[in-house]
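Please treat every number below as a calculation from the coordinates, not as lab data. Worth saying up front: this structure is predicted, and the values here are computed from it rather than measured. So basically every Cβ, Gly included, is an ideal-geometry build from the backbone, and we count neighbours across all protein chains shown.
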Amino acid sequence: MDRPNTDKGQSLWSDAWRRLKTNRIAMVCLGIIVLFTLCALYGEVVHQYYQAKDQTPFYKLTNLDAAYRPPSAAHWMGTDALGRDVMQRLIQGTRIAYKVGIITSLIAIPIGVFLGCLAGYFGGRVDDFIVWLYSTFASIPGLLFILAIAMVVGRGLTGVYLGIGLTTWVGICRLIRGEVIKHKEQAYVQAAHALGLSWPRILFRHILPNVFHVIIVTFTLRFPAAVGTEVFMSFLGIGVQNDPSWGIMINSARMRLWQGVWWEMTFVTLAIFLLVLAFNLLGDALRDALDPRLRTGGN
Amino acid sequence: MPNYIVKRMLQMIPTVLGVILITFILFNVAGGSPALKVMGPHAQADTLEAFDEQRGFNKPLFFGFRTKTRALEDSDFERTAGDWLKQDGVTHTNGMIVLAEGGSYSIPLKFSLRDDCEYELVMEGRTDGFPMLGKNKLGFSRDWKKVTLRLQTPGKIVPVDAPVEIRSIRLRRLMNSPFDSQLLFYFRQLARLDFGVSHSTNQRVSKLLADGIVPSLMLTVPIFFIGLVTSIALSLFCAFWRDTWVDRFFVILSVALMSINYLVYIVAGQYFLAFKADWFPVWGFEDARYLALPVLIGVISGLGGSLRFYRTIMLDEAHRDYVRTARAKGVSKSRVLFRHVLKNAMIPIITNVVIAIPFLYTGSLLLESFFGIPGLGYLGITAINSSDVDVVRGIVLIGAFMFVIANLLTDICYAAVDPRVKLK
């Protein structure tokens, strides 16, 4: 009898967690993500420490005598063209990737959720306007739009945040709008209406918690996409300027790859691959666990 | 049916207007005048003004009676008196300039004013005398006073009887019509199908776009078709072997392919296939051989996502009742798959395909800039790197319009196939 005890933990979340725990791949991915998160936190602490002391952080100090050292006990992932430790720079890259993933989500998700809720709940003119707004945004070619915003805002992280954040709210807005339309007709919402509750209360206290799983899944799946875009932008020189972003590391590593300096390229590539893969797989698993109706694929 | 098409085309108008408005807000309102960004801080004021005049940036944004001019910078003489000090008899003290009596002083304009419109000069000053500006009385008194003058060509300031102290000055150009704004200029330009002029090459944007589209299509069309055929074939293969290790292998492969960054495909492809193995040329755009590697990379990088997508569609179809009926009647597994499932899966596949078509036009930004293919993606990246606003805006606009048109075509195709769509 492995039926769960009905006295405790029958909420959606504990139910989903129970389902997720049986998925071995998802748990491995979760472990990888926790590891990356710790790296990013460590990177942030180091970064803030040097910023507070107003010194050049050690991952930026150049030492030309130690350039192009292959991986060794002193430098686990070798050193780059200016003698800087690849592993430390990789950790700083993780910090930037996390910042981009989180801050762009903090811009895009509230916009999308708020507009989606309003459109779904009120319908009519409000809905028409919001649908018009997101279909307009959706018709502009994505990457170019992001790059154009970054160009207008100026080079640097702010451009990356705004570019990605202001263009990627459309997907979640559509999803939330659809969900709210479905929930609006349900008995619990009708009951709240009958009690005379105000619309913000019905919308944000009653309906929103019921569609929250959509937000979680969207966050997990848009995080790697945002990281990928940042790498791409930094690589092109439009994104991060003076910090060791993964895109900048790939750009400098690719020149030296041809002369046999394989380590920088390999480890950066591996880091991006692992992070993106872990988030993608976890996102799929979360979707299956939270909302079995949305299952992808046949098994 | 004609009714439906007309109705659907009318629905297109708000979206097109929205796209125009968004590009306007992005490049004119948020971006401000790009002249400084493009030409740097040391450019001459008259070249900046000429740049703005050509692109309509020297007008009010939406509506307005007056607009800034670069002929005279607004100044409150807090730190510096600027060009005023070049004239004898001008001194700068305590956040104001003092024009000594007995001289005549010209306002240090960076370039001469236009004669087709009036200007408005606002000065704050005081004096004990009766100063003149050209033929007009300046109207200052003993206390600080703001004076507004309308003029076409400013004459010289002549302090009479006593020196004049000036605390702030600003010059505005008066618009002949308040509706003569940047927005109207932009709409007029688009109505003429004029996308402006690239400042870095001085060519018309429409010509640049026309030149870039062929190389872009030469790259993206093969990627599109090869990718489509491969992923549909593989997805049928997965559907045929579903829930076996073959299927699972492809599912894992597609997630792995999706997780590899685009950059990595390009760098690895150039390094291993072109440099180490020497199967392809590394860089350039001379004949078909040069396209082989970028096409291959494009196909592989897109394969993960589309394989997953088509596999889901195929499996959705494969669980339908008609499939079970056909199998029960003794139709073979492969025949059901190819004759029944594939045909019914065509509707979502076609939607996906038509929606992807506009993206063929923008090309692949990365592939083009890496392999030196002179297409629109390459053009776009160079334009963004040199802040070439008109080019970026042109590419964004055309891309968006093509997307809107493709959407229209999809919906019309749907309506032709399925009469229920029209009733919605």
Response to the item:
Residue-normalised 222 nm signal for chain A, counting each DSSP H run of n ≥ 4 as -39,500 (n - 2.57), nearest 500 deg cm²/dmol, is -23000 deg cm²/dmol
Item to complete: Within a 10 angstrom radius of each residue's Cβ in B:260-270, how many Cβ atoms of other chains show up on average? Whole number is fine.
Response: 6
Worksheet item: Using 18 Å as the cut-off for backbone N distance, which residues of the range B:384-403 belong to the label zone defined by a point 7 Å from the Cα of B:M9 along Cα→Cβ?
Response: B:401-403
Worksheet item: Among A:G228, A:I32, A:L144, which residue has its Cα positioned farthest towards the positive end of the charge dipole of chain A, with +1 placed on the Cβ of Lys and Arg, -1 on the Cβ of Asp and Glu, and the dipole taken about the Cα centre?
Response: A:I32
Worksheet item: Taking chain B as the region of interest, what is the percent of Cα-Cα pairs per 10 angstrom bin, listed from the shortest bin to the one with the maximum distance?
Response: 4, 15, 18, 18, 14, 10, 9, 7, 3, 2, 0, 0
Worksheet item: Which of B:L171, B:M96, B:I107 sits farthest toward the positive end of the charge dipole of the range B:91-204, with +1 on the Cβ of Lys and Arg and -1 on the Cβ of Asp and Glu?
Response: B:L171
Worksheet item: According to the Cα gyration tensor, what semi-axes, each the square root of 5 times an eigenvalue, does the equivalent ellipsoid of the range A:201-249 have, listed from largest to smallest in whole Å?
Response: 36, 10, 7
Worksheet item: To the nearest whole number, what is the average tally of beta carbon atoms from other chains within 10 Å of the beta carbons of peptide A:277-284?
Response: 2
Worksheet item: Along the Cα-to-Cβ line of B:L151, 7 Å from the Cα, sits a label point; which residues in the range B:164-180 have backbone N less than 18 Å from it?
Response: B:164-175
Worksheet item: Over all distinct Cα pairs, what is the inverse of the mean 1/r for chain A, reported as the Kirkwood hydrodynamic radius in Å?
Response: 21.6
Fill in: In the range B:281-376, the trypsin sites (Lys or Arg not before Pro) that fall in loop regions by DSSP, at most 16 other Cβ within 10 Å
B:R320, B:K329
Fill in: Relative exposure of A:V28, B:V341, A:V160, A:V261, judged by other C-beta atoms within 10 Å (fewest first)
A:V28, A:V261, B:V341, A:V160
Worksheet item: Relative contact order, percent, of the range A:52-143 when contacts are C-alpha pairs under 8 Å separated by at least 6 residues?
Response: 14
Worksheet item: Based on DSSP H assignment, which helices of chain A show an axial Cα extent of at least 20 Å together with a mean Kyte-Doolittle hydropathy greater than or equal to -0.5?
Response: A:24-53, A:86-122, A:124-139, A:170-184, A:212-236, A:263-290
Discussion item. Among B:25-31, B:105-111, how do they line up by average Cβ neighbours within 10 Å per residue, starting with the highest?
Written reply: B:25-31, B:105-111
Practice prompt. Report, as a whole number in µm² per second, the diffusion coefficient that Stokes-Einstein gives for the protein assembly as shown at 25 °C and 0.890 mPa s using the Kirkwood radius over alpha carbon pairs.
Written response: 81
Worksheet item: Using unit Cβ charges (K, R positive; D, E negative) and no other charged atoms, how large, in debye to the nearest 20, is the dipole of the protein assembly as shown about its Cα centre?
Response: 2400
Item to complete: Pairs to check: B:K86/B:K110; B:K59/B:K207; B:K68/B:K156; B:K86/B:K137; A:K184/B:K7. Give those whose C-alpha atoms are more than 18 Å from each other in this structure.
Response: B:K59/B:K207; B:K68/B:K156; B:K86/B:K137; A:K184/B:K7
Discussion item. What number do you get for the range B:95-177 when its Cα radius of gyration is normalised by 2.2 N^0.38 Å, N = residues?
Written reply: 1.08
Item to complete: Could you tell me which helices of chain B pass both thresholds, a Cα extent of 20 Å or more along their own axis and a mean Kyte-Doolittle hydropathy of at least -1.0, with helices taken as whole DSSP H runs?
Response: B:2-24, B:205-240, B:245-259, B:288-318, B:342-361, B:389-417
Item to complete: State, to one decimal in nm², a quarter of the convex hull surface area for the C-alpha atoms of the range A:74-122, i.e. the direction-averaged projected area.
Response: 4.4
Worksheet, complete the sentence: Distance in nm between B:L17 and B:Q203 label points, each 7 Å along Cα→Cβ, equals 3.5
Discussion item. I'd like the FRET efficiency for B:S334 and B:I226, computed as 1/(1 + (r/R0)^6) with the beta carbon distance as r and R0 of 25 Å, rounded to 0.05.
Written reply: 0.60
Worksheet item: Based on the Cα gyration tensor of the range B:281-400, what are the three equivalent ellipsoid semi-axes, each the root of five times an eigenvalue, rounded to whole Å and given largest first?
Response: 42, 18, 10
Practice prompt. Kindly identify the range A:24-107 as rounded, prolate or oblate by the Cα gyration tensor criterion: order the square roots of the eigenvalues as a ≥ b ≥ c, call it rounded if a/c is under 1.5, otherwise compare a/b with b/c, prolate if a/b is larger, else oblate.
Written response: oblate
Worksheet entry | Under 16 Å from the B:I300 label point (7 Å along Cα→beta-carbon), backbone N, the range B:356-382 | B:367, B:371
Worksheet item: Using only Cα atoms, what is the ratio of the radius of gyration of the range A:119-219 to 2.2 N^0.38 Å?
Response: 1.32
Worksheet item: In debye to the nearest 20, how big a dipole does chain A give about its Cα centre with +1 on each Lys and Arg Cβ and -1 on each Asp and Glu Cβ?
Response: 340
Item to complete: Specify which residue in the list B:F195, B:L219, B:S181 is farthest towards the positive end of the charge dipole of the range B:172-219, using unit charges on the beta carbon of Lys, Arg (+1) and Asp, Glu (-1), about the Cα centre.
Response: B:S181
Worksheet entry | Separation of the B:I355 and B:K37 label points, Cα + 7 Å toward Cβ, nm | 3.1
Fill in: Equivalent ellipsoid semi-axes, the range B:32-181, via Cα gyration tensor eigenvalues times 5, rooted, Å
29, 18, 13
Practice prompt. Would you mind estimating how fast the range A:205-291 diffuses translationally, via Stokes-Einstein at 10 °C and 1.306 mPa s with the Kirkwood radius over Cα pairs, in µm²/s?
Written response: 107
Item to complete: Determine, at each q value in 0.11, 0.16, 0.20, 0.22 (inverse angstroms), the log₁₀ of I(q)/I(0) that the Debye formula gives when each Cα of the range B:202-320 is one equal point scatterer.
Response: -0.49, -0.85, -1.08, -1.17
Worksheet entry | Size of electric dipole in the range B:274-424: Cβ of Lys, Arg +1 and of Asp, Glu -1, about Cα centre, debye, nearest 20 | 1260
Practice prompt. Treat the range B:1-60 as a sphere of radius equal to its Kirkwood radius over Cα pairs and apply Stokes-Einstein at 20 °C in a medium of 1.002 mPa s; give the translational diffusion coefficient in µm²/s, rounded to a whole number.
Written response: 152
